[in-house]
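These notes concern the structure reproduced below.
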Amino acid sequence: MKSDILILGIETSCDETAASVVRDGREALSNVISSQIELHTVYGGVVPEIASRKHIEKINQVIEQALLEAGVALGDLDAIAVTYGPGLVGALLVGVSEAKAISFASGIPLVGVHHISGHISANYLEHRELAPPFLCLVASGGHSHLVAVKDYGVYDIIGRTRDDAAGEAFDKVARAIGLGYPGGPKIDRLAGQGNPEAIPFPRAKVNENAYDFSFSGLKSAVLNYLNACRMKGEAVNEADVAASFQRAVVDVLTEHSLRAAEEYGYDTFAIAGGVASNSALRAALAEECGRKGIRFYYPSPVYCTDNAAMIAAAGYYEFRRGAVSGLDLNAVPNLKLGDT
């Protein structure tokens, strides 16, 4: 296969309309993201119908801008990679339909990409020395996965969330405190002003699998604490609540991750997903990995949230192993990792 393989990535799984051109799976020549945060903030979360309509409005502009910034034309591309699941079905359909239309009109091969595979592959964009095998924690609004990366695009899930994902818990707690949406960055900032040991929130363990996650009990504990304070007329120190909640999440993610790395014999560990940009989580994992002699990798914040460069990076490795999709590719909102 020739060098300098150019992949156009398209991502529309939730509320970011994104397109990117990536060379050889490692170099982002462009990474254009049109965010809808302001549209959804008033509702306290993403409204699927609004997200889908905005994707339709923005998708052509975003792709044109990505090609322009990369200095390439459609004819220069080797493949088009698009997220086809998991995600919001209407949002996914916009990206998948666009990618199929371009592929049909141009004859450029189409590659369907799993969204979580994209998050994992975000690490390749800034760490060229990183290569499988390694262990990766994917923590986002919809997912909390511990994934053994056996090879490019070859995964074994060691642990996963049983209920609320970490990012989902951040959003719900932020809403309860009154911080609004999106909750993750706001909790992170407020927690810096509080005492993480002020409130003894629980750390859940799942008996059936020591590496699975459960954050619904923690979320309920925070809500119960807030309700009890309000019923008693007691003042709530919101910074202490944010810091104590964040510490509980970070403790669980860090403990599970490092224990899995030791048990399965991994000396390389990476994180990915929106929660991977949390400052407390990065600091805790860096400290523990350093103490145990484990190499630690993480993407820049722009590559932690949903973006198309990560989809193009993952698509590159799918394309290299011949995993080209047909024009019957469809959106699969509940797609499981390993079903690709």
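For the stretch 242-249, the condition holds for at least one residue, the condition being that it is closer than 30 Å to ALA131 by Cβ, touching a residue at least 12 places away in the same chain (Cβ under 8 Å) and not basic (Lys, Arg). Looking across the stretch 34-58, the residues that are touching a strand residue (DSSP E or B) at 6+ places or on another chain (Cβ under 6 Å) and either more than 25 Å from PHE104 (Cβ to Cβ) or of a type outside the set (Gly, Ala, Ser) (or both) come down to SER35, HIS55, LYS58. Scanning the stretch 172-185 for residues that are crowded, with 20+ Cβ neighbours inside 10 Å and closer than 13 Å to ILE37 by Cβ gives PRO182, GLY183, GLY184. State whether the residues of the stretch 312-322 include one that is touching a helix residue (DSSP H, G or I) at 6+ places or on another chain (Cβ under 6 Å), under 27 Å from ILE63 (Cα atoms), in the same structural domain as TYR84 (by TED's automatic domain parsing) and outside any strand (DSSP E or B). Yes; the residues of the stretch 312-322 include at least one that is touching a helix residue (DSSP H, G or I) at 6+ places or on another chain (Cβ under 6 Å), under 27 Å from ILE63 (Cα atoms), in the same structural domain as TYR84 (by TED's automatic domain parsing) and outside any strand (DSSP E or B).
Residues that are β-branched (Val, Ile, Thr), surrounded by fewer than 18 Cβ atoms within 10 Å (Cβ to Cβ) and under 20 Å from the mean Cα position of the chain (by Cα) within the stretch 20-63 comprise ILE37, THR41, VAL47, listed in sequence order.
Restricting the search to helices (runs of 4 or more DSSP H) fully inside the stretch 2-113 and requiring at least 3 residues that are of a type outside the set (Val, Ile, Thr) and over 22 Å from LEU327 (Cα atoms) gives 37-41, 48-70. Total residues in the stretch 55-67 satisfying the condition of being without any contact (Cβ under 8 Å) to a residue 12 or more places away in the chain and more than 16 Å from ASN307 (Cα to Cα): the figure is 1.
If we scan the stretch 188-207, do we find a residue that is at pLDDT 95 or above, surrounded by 17 or more Cβ atoms within 10 Å (Cβ to Cβ) and aromatic (Phe, Trp, Tyr)? Within the stretch 188-207, one or more residues are at pLDDT 95 or above, surrounded by 17 or more Cβ atoms within 10 Å (Cβ to Cβ) and aromatic (Phe, Trp, Tyr). Within the stretch 136-157, being surrounded by fewer than 23 Cβ atoms within 10 Å (Cβ to Cβ) and modelled with pLDDT of 90 or more holds for ALA148, LYS150, ASP151, TYR152, GLY153, VAL154, TYR155, ASP156, ILE157. Are any residues in the stretch 122-155 part of a strand (DSSP E or B) and free of Cβ contacts under 8 Å to residues at least 24 places away in the same chain, and if so, which ones? The answer is LYS150, ASP151, VAL154. The single condition among (1) in contact (Cβ under 8 Å) with a residue 24 or more places away in the chain; (2) surrounded by fewer than 19 Cβ atoms within 10 Å (Cβ to Cβ) that GLY322 does not meet is (1).
The values are calculated or read from the model by the stated rules, or taken from the named source; none is laboratory data. Because the structure is a prediction, the values reported are computed rather than measured. Don't worry about glycine lacking a Cβ; one is built from the backbone with ideal geometry, like all the others, and counts go over all protein chains shown.
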